[in-house]
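Below is one structure; the comments refer to it alone.
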Amino acid sequence: MKRITHWFIVVILLVSCHSPAQQTADQVYEPFRSAWQAAGGMQIGPPLSEPRWIDDALAQYFATVKIVALANGSAVAERLPEHWRDQTPAAVITLPPATQRASLTLARPMNVVQPLQSLPIVVQIPAYRGSVEVQLYDARGRLTAQGTTVVTDGTGEIVLPAGGALGPQWAVALIDGRLAGARSQIVILDAQTSLISGQSDIDSLYPRIKGLMAEARVSYELNGRLISGYRSPDNPLLWLRDHVYQGRGFRYFEHDVTSLLDAFRDAQQPDGSLPDVIDYPERYVKAFRKEVESDVEFLYIQGVYEAWQMTGDDKWLQSHLPALRRAATYITTNPLRWNADRGLVRRPYTIDMWDFAYGPTTISPDGKPAPRHWIEPDTVWGTFHGDNTGLAYALFLLARIENRVGDPKRAQQYYELSDAIMQRLNELAWNGRCFTHFIPEDPTFTPTGVDPSTQLSLSNAYALNRRVLSVGQAQAIIETYYARRDFNRAFAEWYSIDPPFPAGSFGMAGGKGEQPGEYVNGGIMPLVGGELARGAFTFGFEPYGLDILRRYANLLRLTNASYLWYYPDGRPGISGPDTIPTDGWGASAMLGALFEGLAGIVDDSSRYEDTIVSPRWPVEPSITRAEVVVRYPASDGYLAYRWQRNERGIQLYITGSGQTASVRLLLPEAVGEEVTMTVDGVVVTPTIERIGISRYASIALERLNATITVTWP
């Protein structure tokens, strides 16, 4: 007994004689040991793994370096980037190595691929026959696709879809749960916005509009910085409203979405007000604002929020927060813009949001005849609904901004003010069919020659997409527009205002708009059609939304042009020598209807991190397959899906750079109440949403790179 005890003590003493450094060194074998010691030894810590085959070479991982064995029998230490663990699959480091060595390549050369593209991966394992699991990981180290192939005669092949975060994509081969090999950059994933449905009119919309809008892009140096934005179709200057509204379209192809908003922030006045036109030195233009406008501040808030959506840049968003707060304070307190008795935004009597007021032609400050852009003693004041739905929406967005980078208490106040504005507006201006265009502050005032209770003005279409209406209100507005679709009267029901004002109600000094059917006085505007179509898709009128898109696609096909407005008979509206046939405003609204409405991809955060996906392809029975990619070039944010339909079901494969998504699958009309949903083959219980006569089977996804199916008997 004493001999055994003595031997045990000796063993303990021998083990204890080895220092931690010696124990670590004993875990590192040549040729890795020499390279490890040369790189700092214990300063870089112990190995995180045994050697394994990475990129056809044996490699061993440490906390800050990867040591790679060379063909000459030596090894070299490679410094790892700071956040390398966030970009490397855990399986590459943690799984034990297999005894077999796998090499992974592509069956045909592909350096850069799009999401959803098929990757034919070849697995080579000399003298091996059996199953191999192949996994794809994205640039954030997240598993995006996997499958099993059988290797015979040392070779196997499998096809997996590309997806996940943009950048280098990993391919990993496993045998019985052990790592046989990995390729750190089998392809580079990039994304460009695209849409393929097999319907030529629909599929042509995005490339045509993108080409048209390129003609509306303006860039020049201002105060030592290059600014870029999208001009008005009828004016060469950079107007805040035109640029912001065109963001509905340029988000899919524009890299610089912040410089112009920075310039407007820098031009903000001490009272919080903003100009509507920015300086343009080459044209000798200084920043200015048409006095009658009361929507500039909410447009600035909306523009900043949407630019943040595209970039995901919280630091940039926070840099605008003080100016955003000042803008909100100005528009809700300044007596020139705010009616304290009504608790609503006020403005002179303009045609919807436009910048000239009711009354005959006046004289400008420089002594020339002009529309009434200025506030004058006889100006008619009142409440225009579009100012207030726009402000309510902007306050909702500002609350989100506060919750993200500011003060949650302020956020709650903005939410409450947004709700209060809509409650007061509904009581004042909602007439059961739409918002009454203008409610004068002087109850005795009535415009000549028109019944205001029958007028439908264009910001009703904008209200559909501002998250401020009840479902009933939105449906009533859509039905009101649809009821005015009369092709004997006008080629489209996208009226700026209907019925228009009599000739001379708004003096234009000889310019367009003085006569009914011209410009904003009853002209036909694609921007109305686009907003109307997006709202129709959202609120259960999907066939109507598709009908509008197809009519606009046909207009582009026939003319290869898009104007800000048209005469009711279809003639393009030419407001002056600066008019261009590239109406980015209306074209952007149509792109919103295409990608957010028909394709159904709505970013509910930024960079598509949290997305609402509602593919509405069943609205066209002849469409059985659609592939859609939406990308913000201003960041790495994108989402992509493949939608397929067969006789008894719908399948959706979804991928992207983000984290979560709410998936809502529109069910064909003929489908009964009994439906079954699976997510990656696992049965789940969907929520059935009803909007009008439309039904959606919905599920919340906690991760992307998933396949959702809905089947029915």
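The numbers here are math on the coordinates, done by the rules we state, and not lab data. The structure displayed is predicted, hence computed values, not measured ones. Positions of Cβ are backbone-derived with ideal geometry, glycine not excepted, and every protein chain shown enters the neighbour counts.
Computed quantities for the displayed model
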| quantity | calculated |
| --- | --- |
| Whole-number percent relative contact order across the chain, with pairs defined as alpha carbons under 8 Å at least 6 apart | 11 percent |
| Dipole in debye (nearest 20) - the chain, about Cα centre, beta carbon charges: Lys, Arg +1; Asp, Glu -1 | 1620 debye |
| Stretchable slack from ALA503 to GLU416, in nm (0.36 nm times residue separation minus alpha-carbon distance) | 27.1 nm |
| Chymotrypsin sites (Phe, Trp or Tyr not before Pro), loop per DSSP, at most 11 other Cβ atoms within 10 Å - longest free stretch of the chain | 1-283 |
| For LEU119, residues with placed amide H under 5 Å, excluding near neighbours | LEU160, ALA162 |
| Identified option (computed Rg/Rh (Cα atoms, Kirkwood Rh); candidates (1) 0.95; (2) 1.08; (3) 0.98) | (2) |
| The chain: calculated mean residue ellipticity at 222 nm from DSSP helix runs of at least 4, using -39500 (n - 2.57) | -9000 deg cm²/dmol |
| Residue-span extension gain [SER131 to SER622] - 0.36 nm each, minus C-alpha spacing | 172.8 nm |
| Positive-pole candidate from SER228, PRO275, GLY247, dipole of segment 222-277, charges at beta carbon | GLY247 |
| Long-range HN-HN contacts of THR193 with modeled amide H, under 5 Å | ARG631 |
| Inter-label distance for ASN334 and VAL122, nm, one decimal - labels placed 7 Å from Cα along Cα-to-Cβ | 6.8 nm |
| Residue-wise HN-Hα coupling along segment 125-133, computed from phi with Karplus coefficients 6.51, -1.76, 1.60 (Hz; x: Gly, Pro) | 9, x, 6, 10, 9, x, 7, 9, 8 |
| FRET efficiency for MET42 and GLU82, using Cβ-Cβ distance with R0 set to 22 Å, rounded to 0.05 | 0.60 |
| In order through segment 547-556: 3J(HN,Hα) via Karplus (6.51 cos²θ - 1.76 cosθ + 1.60), integer Hz, x for Gly, Pro | 4, 5, 4, 5, 5, 5, 4, 5, 4, 5 |
| For segment 326-343, Karplus couplings with θ = phi - 60° (6.51, -1.76, 1.60), whole Hz, Gly/Pro x | 5, 5, 5, 5, 4, 6, 9, 9, 5, x, 5, 10, 10, 8, 5, 5, 7, x |
| Inter-label distance for GLU221 and ASN111, nm, one decimal - labels placed 7 Å from Cα along Cα-to-Cβ | 3.4 nm |
| GLU673/ASP578 FRET efficiency (R0 60 Å; Cβ-Cβ; nearest 0.05) | 0.60 |
| Mean separation of Cα contacts under 8 Å (6+ apart) over length of segment 642-689, as relative contact order % | 17 percent |
| Long-range HN-HN contacts of TYR220 with modeled amide H, under 5 Å | ILE227 |
| Which of LYS66, LYS286, LYS409 has the fewest Cβ neighbours within 10 Å, and the rest in rising order | LYS409, LYS286, LYS66 |
| Net length gained if the chain between SER453 and THR687 were fully extended (0.36 nm per residue, minus Cα distance) | 80.2 nm |
| Alpha-carbon centroid distance for the pair segment 637-654 / segment 400-418, whole angstrom | 36 Å |
| Distance between modelled label sites at ARG178 and ASP266, nm, 7 Å Cα→Cβ extension | 6.3 nm |
| Under 26 Å from the Cα of LYS315 - lysines, other chains or at least 8 residues apart | LYS409 |
